[in-house]
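Worksheet: one structure, shown below.
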Amino acid sequence: MKYKKENREPTGEEAARLHRIKELERSYESKFALMQAQALASYSITKPTYLPEGYDHGNESFSIEKKGEEPVVELDFSNGEYQFSTDQLGINKTHGLEEYTWKDAKESESYSLNGFEFFYVKSEENLTGMRVTLPERGYKIIMSADNLSEKEMEKVFTVYD
């Protein structure tokens, strides 16, 4: 606040402190995001219990587009070089990730596996996407990935809990 009042840029020390504060704030928000989202959702929010080798769990967040709507829960994962993200949302809701990832799809495939309904796409930019729908649970999960095979994506979904 001090540098804003003085209408100046923060010093190196102030900038470093602001960065640490922002990181702590993100960490705090991430810890409670899923609890907040669960209070607003009609379905059980889940996380994958399987991650591809080398991938770590990253940010957890949620968004609500319009007042009164259910949340879209976003989970990010990375191995340092590549990343993938999942969005969990109500079964009848649509979300930008699904539209963005799949608008220029060069390949697509729809099938059932282990009681789940899958839809797999691959885009021109070599991005892959997958949607799994769980009608009896009332939600779907959409994944967008930089560098995961269809089989690896299936593994993430079939052990989601």
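Could you please let me know if SER78 is of a type in the set (Ser, Thr, Tyr), at negative phi and surrounded by 14 or more Cβ atoms within 10 Å (Cβ to Cβ)? It is true that SER78 is of a type in the set (Ser, Thr, Tyr), at negative phi and surrounded by 14 or more Cβ atoms within 10 Å (Cβ to Cβ).
Quick grid of which residues meet (1) at pLDDT 85 or above; (2) under 14 Å from the mean Cα position of the chain (by Cα):
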| site | (1), (2) |
| --- | --- |
| SER85 | yes, yes |
| GLY96 | no, yes |
| SER108 | no, no |
| TYR111 | yes, no |
| TYR120 | yes, no |
| LEU127 | no, no |
| GLU136 | no, no |
| LEU148 | yes, no |
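For the stretch 80-95, indicate whether the set of residues that are of a type in the set (Val, Ile, Thr) and touching a residue at least 12 places away in the same chain (Cβ under 8 Å) is non-empty. Scanning the stretch 80-95 turns up at least one residue that is of a type in the set (Val, Ile, Thr) and touching a residue at least 12 places away in the same chain (Cβ under 8 Å).
Let's see how each residue does on (1) in contact with a strand residue (DSSP E or B) (Cβ under 9 Å, 6 or more places away or on another chain); (2) aliphatic (A, V, I, L, M); (3) modelled with pLDDT under 90:
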position	(1), (2), (3)
TYR28	no, no, yes
MET35	no, yes, yes
TYR43	yes, no, yes
SER63	yes, no, yes
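Is there a residue being surrounded by 12 or more Cβ atoms within 10 Å (Cβ to Cβ), of a type in the set (Asp, Glu) and at pLDDT below 85 anywhere in the stretch 4-11? Spell out the reasoning first.
Pass one, the stretch 4-11, residues surrounded by 12 or more Cβ atoms within 10 Å (Cβ to Cβ): 10.
With the extra rule that they be of a type in the set (Asp, Glu), the set shrinks to none.
Checking the stretch 4-11: not a single residue is surrounded by 12 or more Cβ atoms within 10 Å (Cβ to Cβ), of a type in the set (Asp, Glu) and at pLDDT below 85.
Here ALA15, ALA41 are screened, and the one residue that is touching a residue at least 12 places away in the same chain (Cβ under 8 Å) and among the small types (Gly, Ala, Ser) is ALA41. The numbered conditions (1) modelled with pLDDT under 85; (2) of a type in the set (A, V, I, L, M, F, W, C); (3) touching a Lys or Arg at 6+ places or on another chain (Cβ under 9 Å) are all true for VAL159 except (3).
The values are calculated or read from the model by the stated rules, or taken from the named source; none is laboratory data. Not measured: the values here are computed from a predicted model. All Cβ positions, glycine included, derive from the backbone under ideal geometry; neighbour counts span all protein chains shown.
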